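The values are calculated or read from the model by the stated rules, or taken from the named source; none is laboratory data. Please read these numbers as outputs of a predicted model, since none were measured by experiment. Methodologically, a virtual Cβ is constructed for each residue, glycine included, from the backbone with ideal geometry; neighbour enumeration extends over all protein chains shown.
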2 protein chains.
Amino acid sequence: MNIQNGDELLRILEALSNPYRLKIISILHQERQYVSQLARSLGISRPLLYLHLQRLEEANLIKGDYEVSDKGKTMKYFELNPFFIELNPQFITELADSLTLKKKKE
Amino acid sequence: MNIQNGDELLRILEALSNPYRLKIISILHQERQYVSQLARSLGISRPLLYLHLQRLEEANLIKGDYEVSDKGKTMKYFELNPFFIELNPQFITELADSLTLKKKKE
DNA sequence: AACACCTGTAATATATTTATTACATGAATA
DNA sequence: TATTCATGTAATAAATATATTACAGGTGTT
């Protein structure tokens with residue numbers, strides 16, 4: 001996972017800036033889980049979970065795959081997209097120029 | 001700078017989840033600047049800058065010191081508090097248990 | 001005194017994020 | 001067929017974060 005520009009770094013930082021999403025990372029680091037299972041693990045509703053999963057997926061930190069169980073049920077398993085980011089002032093400085101300042105209507 | 005628990009990590013990630021704040025880190029990595037100077041560098045108003053500086057200061061990423069210039073003017077210089085965080089699933093997992101889920105009235 | 005910089009904050013408005021509620025669909029099982 | 005467990009989304013509400021506007025006070029210079 002190579003970070004190309006400031007906006008990408010920002011997207012990742014934003015994705016990780018939430019306790020549920022950090023917990024999702026932690027759970028998926030230990031084992032892959034399907035959506036409903038994850039919702040139970042976290043103790044939150046699926047709609048809310050979807051929102052968080054989407055943020056993580058957009059940042060490319062996780063990915064989901066459909067899988068049909070023995071019983072014929074389709075479940076969506078999520079798993080981690082391993083990452084390793086060395087967060088320090090030097091690195092941020094290298095990417096700072098490629099940061100977009102405000103996303104508005106175009 | 002040693003991160004002790006999930007909430008602290010989260011505070012840092014939140015502090016870094018904004019383009020202006022990343023730019024502030026970048027600027028202060030190169031040289032210390034006083035408030036008005038920083039506002040000009042960034043092209044934003046001081047009130048807005050203060051908000052961002054506060055977030056960074058709360059996360060302990062920067063610190064400010066008052067200094068009297070030759071001409072007798074008091075300026076508040078900000079400088080970086082160097083940090084180095086290895087952001088990866090393993091590290092997040094270690095801190096995930098010490099994450100507070102919702103801050104509400106107690 | 002008026003101007004040019006420096007410091008800061010309070011009140012308000014706007015935008016974004018987070019959370020909830022209400023639906024809708026499909027397949028296996030009792 | 002009624003229940004259970006899986007998938008998902010649209011609409012709305014509530015909470016936070018971001019941004020703006022309007023102040024106020026200090027010192028040095030013209």
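Considering every residue within region A:57-68, establish whether at least one is of a type in the set (S, T, N, Q) and over 16 Å from the mean Cα position of the chain (by Cα). No, because not a single residue in region A:57-68 is of a type in the set (S, T, N, Q) and over 16 Å from the mean Cα position of the chain (by Cα). Could you check region A:53-84 and list, in sequence order, the residues that are surrounded by 17 or more Cβ atoms within 10 Å (Cβ to Cβ) and within 29 Å of residue B:49 (Cα to Cα)? Answer for region A:53-84, where residues must be surrounded by 17 or more Cβ atoms within 10 Å (Cβ to Cβ) and within 29 Å of residue B:49 (Cα to Cα): A:55, A:56, A:59. Residue B:100 fails exactly one of the following numbered conditions: (1) within 14 Å of DNA strand C (Cβ to nearest atom); (2) hydroxyl-bearing (Ser, Thr, Tyr); (3) modelled with pLDDT of 95 or more. What is the number of that condition? Result: residue B:100 fails condition (3) only.
Checking residue B:71 against (1) more than 9 Å from DNA strand D (Cβ to nearest atom); (2) more than 25 Å from residue A:84 (Cα to Cα), only one condition comes out false. Which one? That leaves (1) as the condition not met. Residue pairs whose Cβ atoms lie under 6 Å apart, separated by 6 or more positions or on different chains, with the first residue in region A:73-91 and free of Cβ contacts under 8 Å to residues at least 12 places away in the same chain and the second away from DNA strand C (no atom under 16 Å from the Cβ) and aromatic (Phe, Trp, Tyr), are A:88/B:84.
Considering region B:60-99 alone, what residues qualify as being more than 11 Å from chain A (Cβ to nearest Cβ), small (Gly, Ala, Ser) and assigned to a loop (DSSP other than H, G, I, E, B)? Once the filter is applied, which keeps residues that are more than 11 Å from chain A (Cβ to nearest Cβ), small (Gly, Ala, Ser) and assigned to a loop (DSSP other than H, G, I, E, B), region B:60-99 yields B:69, B:72.
In the set B:20, B:34, B:50, B:66, only one residue is of a type in the set (Phe, Trp, Tyr), within 26 Å of residue A:101 (Cα to Cα) and in contact with a Lys or Arg (Cβ under 7 Å, 6 or more places away or on another chain); that residue is B:34. Return yes when residue B:48 is within 24 Å of residue A:88 (Cβ to Cβ) and modelled with pLDDT of 95 or more and no when it is not. So residue B:48 fails the test.
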